[in-house]
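Chemist: Take this structure first; my questions come after.
No value in this document is a laboratory result; all are computed from the given coordinates. Keep in mind the model is a prediction, meaning the values are calculated, not measured. Note: ideal-geometry Cβ built from the backbone for every residue, glycine included; neighbour counts use all protein chains shown.
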Amino acid sequence: MLTFPTGHQPRYQNFSIKAISDETIREGCERAPYGASDQGKVALIRAVTNAGVTDIDVGSGITEPAFVRSVLDDKYLVGRIPEAATFSFNLTLKTWEPLIEQLARELPREYLSEIYVSIGMIEIDSQHRLFERVAERLRSIGVGKLRSSLLNAFSITVDEDKYDHLNRQIERCRQQGISLIRINDSVGTLVPDSTAVLAANLVHDNPDTTFYLHGHNDRGIGTANSLTSVFHGFQMIEGGVAGVGNRAGLAEIESIAAIFEDNNIGVEAADLDIEKLGEAARLSESVFLTAPSPYRAISGFLVQNENAGIVNVPDYLGVARPVDYFLNRIGLFPTYIRQILAERGMDPRVLADDAFVEDVYERLAAHMDRLFERKRSEFDVLAANIEDFYRDIVRLDEVQHFALEALRDREFTPRLSDVHADLVDEAAVA
């Protein structure tokens, strides 16, 4: 099992990293069951970059190079995207041919020289040096900057064999002049302890390489893993606003930004604006047609609400923060009714009347009980509507459905006798 390098020291406060890499657009589009409009995606890029996140992964699909062109036009021709923003396009060695063709067709060489192209699945057809040939092909069309994304199915620990295998991939990247590498926790099975050991060793053994972690949230610890990676030496961090990403999502950038602020961790590329990141997170829900999350950390639209009628621990500890108070049945106490009314300037002589305070208590209690019953019914309808909203996701069976539909609409349809003859011939060969 891999252990920390000799003399390794973590860092938790008062340091800087190079940049934050944002996966909201790419993985948001991959996860969105009904897609997203280009207009909405560009608006989301503006929101994220104006909040201080400058390294943006913009796509991986066959139609996305045209979208990349519109994004770069928005930056260079219109000026609505900050000058510091950089963009990366993803391809794998399973999808490279049509994507390179589209990149060459849609983007002028001036734009190709400005974007990164990230190459994934670099082990495919390694005996014929496919990775190296694709890198050369990208350079031949004018792509000026390459990075690589290394896929991994980690377990709870990182063994030395898997680590050595990872370093062999890094060396292949190095030979291509690639010094910016994303380490993928592809199925979200890393834990912070193994992330720490992995990050410390990679940085120690590859001082010429900039690493960042693609921390999936399948086990609910994507943000913890991503933070751990920079605590132990990684020079960039990655995630999505609202934690947007495939399956359970990725690290939440707005949560990362809040922790950075608390611990004086800087980002050299640009200053982060937590409030604007929260706005971008809520915008992502609209762009990708995702049911809004009211209690998501930092950016949930109800996350700053506190129950005023119970012993509120942050208030008790004197923690200053913006809070919107509410009352519910469990927090309803006569003593808090008296306190709330006193703070709003009601005559102390009225508040000294216990029967009056009890009357207010009973009226509020009856109102809350009626409200609960109404909201109970409304919630059942809302929950059913949300489930129904996602019921139309296109499943793989529909590929066959539309293939059959296309066959029926073709001008030439094989006669049944021809099909029967083909089946007989196949049987004879078998």
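Chemist: Could you tell me whether the range 142-156 includes any residue that is of a type in the set (D, E, K, R), touching a residue at least 24 places away in the same chain (Cβ under 8 Å) and surrounded by 14 or more Cβ atoms within 10 Å (Cβ to Cβ)?
Modeler: yes
Chemist: Right, something else. Any residue that is surrounded by 10 or more Cβ atoms within 10 Å (Cβ to Cβ), aromatic (Phe, Trp, Tyr) and in contact with a helix residue (DSSP H, G or I) (Cβ under 9 Å, 6 or more places away or on another chain) - is there at least one of those in the range 336-350?
Modeler: Looking through the range 336-350, none of the residues is surrounded by 10 or more Cβ atoms within 10 Å (Cβ to Cβ), aromatic (Phe, Trp, Tyr) and in contact with a helix residue (DSSP H, G or I) (Cβ under 9 Å, 6 or more places away or on another chain).
Chemist: Would the range 58-71 turn up any residue that is within 22 Å of Gly243 (Cβ to Cβ) and touching an Asp or Glu at 6+ places or on another chain (Cβ under 6 Å)?
Modeler: No.
Chemist: Going by what's in this entry, would Gln169 be described as touching a residue at least 40 places away in the same chain (Cβ under 8 Å), surrounded by fewer than 16 Cβ atoms within 10 Å (Cβ to Cβ) and farther than 20 Å from Thr3 by Cα?
Modeler: Considered against the rule, which asks whether it is touching a residue at least 40 places away in the same chain (Cβ under 8 Å), surrounded by fewer than 16 Cβ atoms within 10 Å (Cβ to Cβ) and farther than 20 Å from Thr3 by Cα, Gln169 comes out as no.
Chemist: Same structure again: Touching a helix residue (DSSP H, G or I) at 6+ places or on another chain (Cβ under 7 Å), hydroxyl-bearing (Ser, Thr, Tyr) and under 30 Å from Glu268 (Cα atoms): which single residue out of Ser148, Ser88 fits that description?
Modeler: Answer to the check: Ser148.
Chemist: Every residue in the range 138-178 that is of a type outside the set (A, V, I, L, M, F, W, C), part of a loop (DSSP other than H, G, I, E, B) and closer than 26 Å to Ile100 by Cα, please.
Modeler: Gly142, Gly144, Asn152, Gln176, Gly177
Chemist: What residue, of Gly249, Gly278, is closer than 17 Å to Ala47 by Cβ and not hydrophobic (A, V, I, L, M, F, W, C)?
Modeler: Gly278 is the lone residue from the list that is closer than 17 Å to Ala47 by Cβ and not hydrophobic (A, V, I, L, M, F, W, C).
Chemist: I've got another one for you. Looking only at residues in the range 232-244 that are more than 14 Å from the chain's Cα centre (by Cα) and in a loop (DSSP other than H, G, I, E, B), which one is farthest from Arg174 (Cα to Cα)?
Modeler: His232
Chemist: If you scan the range 50-69, which residues turn out to be among the hydroxyl-bearing types (Ser, Thr, Tyr), under 27 Å from Glu252 (Cβ atoms) and without any contact (Cβ under 8 Å) to a residue 40 or more places away in the chain?
Modeler: Passing the criteria: only Ser60.
Chemist: Let me ask something additional. Just to be sure before I move on: is Gly245 without any contact (Cβ under 8 Å) to a residue 12 or more places away in the chain, crowded, with 16+ Cβ neighbours inside 10 Å and closer than 28 Å to Ile81 by Cα in the structure I sent?
Modeler: Judged against the criteria, Gly245 is not a match.
Chemist: Hey, can you tell me all the residues within the range 189-231 that are surrounded by 23 or more Cβ atoms within 10 Å (Cβ to Cβ) and in a loop (DSSP other than H, G, I, E, B)?
Modeler: Leu190, Asn217 - these are the residues of the range 189-231 that are surrounded by 23 or more Cβ atoms within 10 Å (Cβ to Cβ) and in a loop (DSSP other than H, G, I, E, B).
Chemist: Still on this model: Being farther than 24 Å from Ser186 by Cα and either touching a residue at least 40 places away in the same chain (Cβ under 8 Å) or in contact with a helix residue (DSSP H, G or I) (Cβ under 9 Å, 6 or more places away or on another chain) (or both) is the filter here, so list the residues in the range 116-139 that pass it.
Modeler: Selection gives Arg137, Leu138.
Chemist: Quick one: in the range 273-317, which of the residues that are touching a strand residue (DSSP E or B) at 6+ places or on another chain (Cβ under 8 Å) and in a loop (DSSP other than H, G, I, E, B) is nearest to Leu364 (Cα to Cα)?
Modeler: Ranking the qualifying residues of the range 273-317, first place goes to Ala308.
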